[in-house]
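Engineer: Please find one structure pasted underneath; my questions will follow.
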Amino acid sequence: MNNCEQLQKLSLEHQEALLFAAEIARIAAEGSEAELEEGVQRVNRYYESELEEHLQHEEQTIFAPLVQQHKEHIELCITLGKEHGFIRTVIENMSRETARKDLADFARVLKTHSLVEERELFPLLESLFTEEQLNAVLNYVPLRKYADKEQAGVT
């Protein structure tokens, strides 16, 4: 995964997501009931601590400008956006009863989604985005962090 400097943080997150997806897929395939329960908890922690922010980062700094300025790539953005929605939905609806299937589905979509972004989306961005747009990707600050700074009295 050899992307321009502005995409390196997201690319590193994709590498981590691929490793996480492989581990969750293993748990889904081979895990005991206790391991499945721990897998669900791990997915929820990962989502809360990293994944939701990553998804919003892509939606705000990549999908939105790509759809607005390069409509010929709208299908790719729609597909990736639907996968973001699927990931959120499967996590929200995971239960002990459906853990094996849900974990397998989550791992499969996370893996294929990350690979498509690395192999198709990022090379596209490098060829289409301006330096300013790439810097917006690099310098993204999630809205939650803005709110945290405001509450702490930092502007």
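For every residue, the table says whether it meets (1) buried (at least 17 other Cβ atoms within 10 Å of the Cβ); (2) among the aromatic types (Phe, Trp, Tyr); (3) more than 13 Å from the chain's Cα centre (by Cα).
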{"site": "Gln60", "(1), (2), (3)": "no, no, no"}
{"site": "Val67", "(1), (2), (3)": "no, no, yes"}
{"site": "Thr89", "(1), (2), (3)": "no, no, yes"}
{"site": "Leu103", "(1), (2), (3)": "yes, no, yes"}
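Engineer: Determine, yes or no, whether Glu117 is open to solvent by 70 Å² or more (accessible area, probe 1.4 Å) and not hydroxyl-bearing (Ser, Thr, Tyr).
Structural biologist: No; evaluated as a whole, the condition is false for this residue.
Engineer: Oh, and also: With respect to Gly85, determine if the residue is farther than 16 Å from Arg119 by Cα and touching a helix residue (DSSP H, G or I) at 6+ places or on another chain (Cβ under 7 Å).
Structural biologist: So Gly85 does not fit the description; no.
Engineer: In segment 97-129, what residues are among the polar types (S, T, N, Q) and within 15 Å of Glu58 (Cα to Cα)?
Structural biologist: Across segment 97-129, the qualifying residue is only Ser114.
Engineer: Please verify whether segment 75-85 includes one or more residues that are touching a Leu at 6+ places or on another chain (Cβ under 8 Å) and surrounded by fewer than 17 Cβ atoms within 10 Å (Cβ to Cβ).
Structural biologist: no
Condition check ((1) under 16 Å from Leu110 (Cα atoms); (2) at pLDDT below 95; (3) of a type in the set (A, V, I, L, M, F, W, C)) across all residues:
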| site | (1), (2), (3) |
| --- | --- |
| Leu10 | yes, no, yes |
| Gln15 | yes, no, no |
| Leu18 | yes, no, yes |
| Ala34 | no, no, yes |
| Glu37 | no, no, no |
| Glu58 | yes, no, no |
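Engineer: So Thr155 passes all but one of these: (1) modelled with pLDDT of 95 or more; (2) polar (S, T, N, Q); (3) over 20 Å from Glu75 (Cα atoms). Which condition number does it fail?
Structural biologist: (1) is the only condition that Thr155 fails.
Engineer: Search segment 1-51 for residues being in contact (Cβ under 8 Å) with a residue 12 or more places away in the chain and among the hydroxyl-bearing types (Ser, Thr, Tyr), and hand back the single one that is least open to solvent (accessible area, probe 1.4 Å).
Structural biologist: Filtering first and then ranking leaves Ser11.
The values are calculated or read from the model by the stated rules, or taken from the named source; none is laboratory data. Fair warning: this is a prediction, and the values are worked out from it, not measured in the lab. Don't worry about glycine lacking a Cβ; one is built from the backbone with ideal geometry, like all the others, and counts go over all protein chains shown. Keep in mind that these areas ignore ligands, DNA and RNA; they rest on the heavy atoms of the full protein, side chains included. Shrake-Rupley method; radii C 1.70, N 1.55, O 1.52, S 1.80 Å.
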